[in-house]
Every structure is written in C-alpha cells, then in structure tokens.
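To start, the structure itself, in structure tokens.
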C-alpha cells in the first residue's frame, strides 16, 4: 500500500496530544487485552476531566495493574461508563467505588452487552438500537421503550469515542491487528468507535503485508498508532492472577 | 463462608444438581462463583460447549500451574484451557450470541428470586451503582435461566421471596432455582418444590421460604451427580 508505518517510538509520544475532556475507551477483560502501558503513559501525561469507557474500573484483582481507578485517584477523571461500579462479590471494594459514592466522579452503569453494542453501533453508523436487555429494571426507568413483535425493548444510543486504547498480539505497519485468545474482547469494537485508536502490541511491528489479509482481526483503517511493548520490567505484561483470601 | 453454617447439600452439590439439567449439545454460560462449579460435575458423555462473555466459546478446565496462557481467561478471570473445536470472538459478537438466543442455559448466582421468576443479583439495598457485568443480557436472552443460591441469608431470611425488594436483573425469566435445601420452580403463584435435600423437611423449607410453597406430586430426593 506504500503507506508510512503507524509505529510510534514510545507510549509517551502516542498519548502526547490527548486534550483535557477527551472520551477514551480501554479494552481488556480481566488482564488479557488491557493496555496497561498506555494507561500508565496517560497517568504521566496528566490529561484531565476525562470520560473513560471500559468494562470495569479495575482494582478487584491482585496484583493491581494500571487501571481506571488509578486515573481516578490521579484526579484525571470526570466520568466513567462501565458495567461495574462495584465488584461482583459484595465483600470486595473497588478503589473507584468511594469516588463514585462521594460524587467526586460520575458514572454511567451499562450492561456489558449493551456497552459492546453501543460501541459497535458507533463504529458502524447506527445512531441507536433497541435491546431486550435491562427491560423492567431500574436502568430502564423513565427511558424510551418500544414493543416489537410483542416483546418490549429499550432504546440505547451509540457511544462514539475520541480515543481507544487497545492491546494486540501482532501488528503490521499498516495497523492490521491480530489478537491472541481472550485478548480480543472489547478491543476490535472500541477500535471501530474511535476517531483515534492507539494499539500497544506484544510483538515487534511487522512490515505491511506480513499478516495475510485473510487473517486480520482488526483492519488497519481502524488503527492509527502502534507502540511495541518492551520486555518486562520496562513494559507491563499480564500476570497470573492471585486468588484473594476470602 | 463456612460450609457447615447452612443446612442441606453443599455448594458443589447444588452446582451438580443444576449441571444434571444440561443436555447433550447445549451451549451454556456459567456465572462467577458457585455456578462455575457446574463444569466440575460428571454428566457422562453429554457434550456441553461453555461460552464465556469475553468471547471464548468452548473453554475447558482451569489450566494446570505453570501451563497457564495469561491471555486466556473465563468470565471469572481464571486462566482456563480450550477444548478442541474452541473459537474466540470479540465482545459484540459474544453478546450477539447471548441476545440472539444461542445460549441454551445460563447459570447465575443471586441475592433473591421471586415466585414470578424475577431475580436480583447486581445491587444491594442502599448501594449506589452496582455490578451488572453481563448478567442483564444473559438473564433477558438465554433460553433457560438457572439460579443457584443459598436458601437463606446469614440472618436466616428467605432468599426465595414473594417479590424482590432489591433492584431486579430481569423479570419473569427464571426457569429453575437450586439451593442447599432443594430444587424449586417459580410458577407465578408460588415456588414448586420438586426435589428435597437430605435432612430437610417440607415444613422446614416452607418456614424458610417467602411467598407460597407448593409441593410437586412426584416430590423426590435432590438428585446427585455420579
């Protein structure tokens, strides 16, 4: 394709132009596919009044890695859109929860599948859609529903992003990506929903064309910047989860 | 949480009883906690495909120590293995599988279940926000919703109730409820007791159950695996 490589030299450079007030999504489900290195770079960068989108706010698992809760503790966050403001186990307390409960940070709690579909819709030019999820619950109170073929559905709006931070196993210089196992999770849909997608990549960036077009998971048109993750300890990598004492 | 605190069968036995419902060829989603234990149950040569909300279809057991793939987890964040024939899809496709009605059964924990088949598992009384995860999508769209819970709270209050006073996850969706006391079916007018755990009497169960308890004409002992 003769295009320039999308690789940038450092995580700092990749996030340098992010303005205050941006909406940024983070891929990842538990450890796999979470852009730990980009989150750390964003903490150093210091952008403020951010709206963050992710499955969880982090902090439920040990060892703790860079997460939304740390950005909140760093005073950078105005609002979080996520599927958990509290942990699944009531006895676990997320670092984020106290900021939310005190009103310092806003949150919009969204069912996980609705979150994924709102991102997909944003990337696919669908402004809103109807879903059976959350009908009859507190989340649907005061909101538009519609009966279609005898079943009630809730209207949900697309969720467009300024930036998506994602993590992949392999990339070529054109930004084509492959993920490994459950590293994929939200990453492909977030990439389509963002004006600028930044991918941290496990392996050395390959020349354009080195990934067979049939084997691409996320097309390079959705990916704008690539950074290779250096080996540990300089780079952050998923670790084995430690079971917490109960 | 102590195993001896509660009467009746233990957690693995509750999970076993639910797993016995799984039929050959089903696609099943297991929630975090006791539901995960359904995958330990010996159900003979029935072929079950386990779906995890993060897009893993066809996962197997937890990986042995030292052989974990740190980029492969189930919904509970455990490093699992893949069975032959497994596939991985992204999150929007994974929930398309759920909303699209391709999940034969989902198994979830809950705080409360009502006789109308409503259940609550994402928010406690007085809590701001909560933890929804994929529960509302699964509850609204799986073909069958199996709920596992301990029959009473730590204070001895019923979890099977006439109507949920906690915010619900979905309404009218629960197919079966397995507790340490027995196996129940919400019928709309009450809970139908179908199987009873060893050591329990119908009267004890009635005293610990909200709403109306009816007893199946063919009431039997709680079935065990193996």
**Complete:** Picked from the range A:77-98 (must be modelled with pLDDT of 95 or more and surrounded by fewer than 21 Cβ atoms within 10 Å (Cβ to Cβ)), the residue nearest to residue A:113 (Cα to Cα) is A:81
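Just to check your reading of the model, which residue among A:19, A:32 is under 21 Å from residue A:180 (Cβ atoms) and part of a loop (DSSP other than H, G, I, E, B)?
On the way: A:19 fails: under 21 Å from residue A:180 (Cβ atoms).
Exactly one residue qualifies, and that residue is A:32.
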**Asked** Of everything in the range B:149-178 that's in contact with a helix residue (DSSP H, G or I) (Cβ under 9 Å, 6 or more places away or on another chain), over 17 Å from residue B:200 (Cβ atoms) and more than 12 Å from chain A (Cβ to nearest Cβ), which residue is surrounded by the most Cβ atoms within 10 Å (Cβ to Cβ)?
**Response** B:174
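Residues checked against (1) in contact with a strand residue (DSSP E or B) (Cβ under 8 Å, 6 or more places away or on another chain); (2) more than 12 Å from chain A (Cβ to nearest Cβ); (3) over 22 Å from residue A:29 (Cβ atoms):
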position	(1), (2), (3)
B:26	yes, yes, yes
B:30	yes, yes, no
B:35	yes, no, no
B:39	yes, yes, no
B:42	no, yes, yes
B:47	no, yes, yes
B:54	yes, no, no
B:59	yes, no, no
B:66	no, no, yes
**Message:** Can you tell me how many residues within the range B:118-151 are at pLDDT 95 or above, outside any strand (DSSP E or B) and more than 17 Å from residue A:107 (Cα to Cα)?
**Reply:** 16
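Could you look through the range A:215-234, keep only residues that are within 19 Å of the chain's Cα centre (by Cα) and part of a loop (DSSP other than H, G, I, E, B), and pick out the one that is surrounded by the fewest Cβ atoms within 10 Å (Cβ to Cβ)?
Taking the range A:215-234 first, the residues within 19 Å of the chain's Cα centre (by Cα) are A:217-229.
Subsequent filtering for residues that are part of a loop (DSSP other than H, G, I, E, B) retains A:217, A:219, A:223-224, A:229.
Working: A:217: 21, A:219: 15, A:223: 25, A:224: 19, A:229: 20.
For the range A:215-234, the residue satisfying everything is A:219.
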**Asked** Does the range B:48-59 contain any residue that is touching a residue at least 12 places away in the same chain (Cβ under 8 Å), over 30 Å from residue A:236 (Cα atoms) and touching a helix residue (DSSP H, G or I) at 6+ places or on another chain (Cβ under 7 Å)?
**Response** yes
**Message:** Can you list residue pairs whose Cβ atoms sit under 6 Å apart, with the first residue in the range A:152-168 being in a loop (DSSP other than H, G, I, E, B) and the second being surrounded by 20 or more Cβ atoms within 10 Å (Cβ to Cβ)? Count only pairs 6 or more apart in sequence or on different chains.
**Reply:** A:158/A:118; A:158/A:121; A:158/A:122; A:159/A:118; A:159/A:119; A:159/A:122; A:160/A:122; A:160/A:193
**Prompt:** Any idea which residue in the range B:88-111 is farthest from the other protein chains (Cβ to nearest Cβ), counting only those that are crowded, with 23+ Cβ neighbours inside 10 Å and out of contact with any helix residue (DSSP H, G or I) (no Cβ under 7 Å at 6 or more places or on another chain)?
**Reply:** B:105
**Prompt:** Of all residues in the range B:164-187, how many are closer than 20 Å to residue B:107 by Cα and either outside any strand (DSSP E or B) or over 17 Å from the mean Cα position of the chain (by Cα) (or both)?
**Reply:** 12
**Message:** Against the condition surrounded by 16 or more Cβ atoms within 10 Å (Cβ to Cβ), closer than 25 Å to residue B:150 by Cα, within 12 Å of chain A (Cβ to nearest Cβ) and in contact (Cβ under 8 Å) with a residue 12 or more places away in the chain, how does residue B:13 come out, does it pass?
**Reply:** no
**Request:** Check the range A:46-54 and report whether any residue there is in contact with a strand residue (DSSP E or B) (Cβ under 8 Å, 6 or more places away or on another chain), surrounded by fewer than 23 Cβ atoms within 10 Å (Cβ to Cβ), within 14 Å of chain B (Cβ to nearest Cβ) and free of Cβ contacts under 8 Å to residues at least 60 places away in the same chain.
**Result:** no
**Prompt:** When the residues of the range A:138-151 are filtered to those that are touching a strand residue (DSSP E or B) at 6+ places or on another chain (Cβ under 6 Å) and either outside any loop (DSSP other than H, G, I, E, B) or within 13 Å of another protein chain (Cβ to nearest Cβ) (or both), which remaining residue is surrounded by the fewest Cβ atoms within 10 Å (Cβ to Cβ)?
**Reply:** A:146
**Prompt:** Somewhere in the range A:191-214, is a residue within 14 Å of chain B (Cβ to nearest Cβ), surrounded by fewer than 16 Cβ atoms within 10 Å (Cβ to Cβ) and not in a loop (DSSP other than H, G, I, E, B)?
**Reply:** no
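Which of the residues belonging to the range B:85-100 are farther than 20 Å from residue B:132 by Cβ and within 20 Å of the chain's Cα centre (by Cα)? Before the answer, list the steps.
First, pick out the residues of the range B:85-100 that are farther than 20 Å from residue B:132 by Cβ: B:85-89.
Listed by number, the list is empty, since nothing qualifies.
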**Prompt:** Which residues, taken from the range B:124-144, are crowded, with 24+ Cβ neighbours inside 10 Å, more than 7 Å from chain A (Cβ to nearest Cβ) and more than 26 Å from residue A:217 (Cα to Cα)?
**Reply:** B:135, B:139, B:142
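The values are calculated or read from the model by the stated rules, or taken from the named source; none is laboratory data. None of the values given here were measured: they were computed from a predicted structure. Ideal geometry is used to build each Cβ from the backbone, glycine not excepted, and the neighbour counts take in all protein chains shown.
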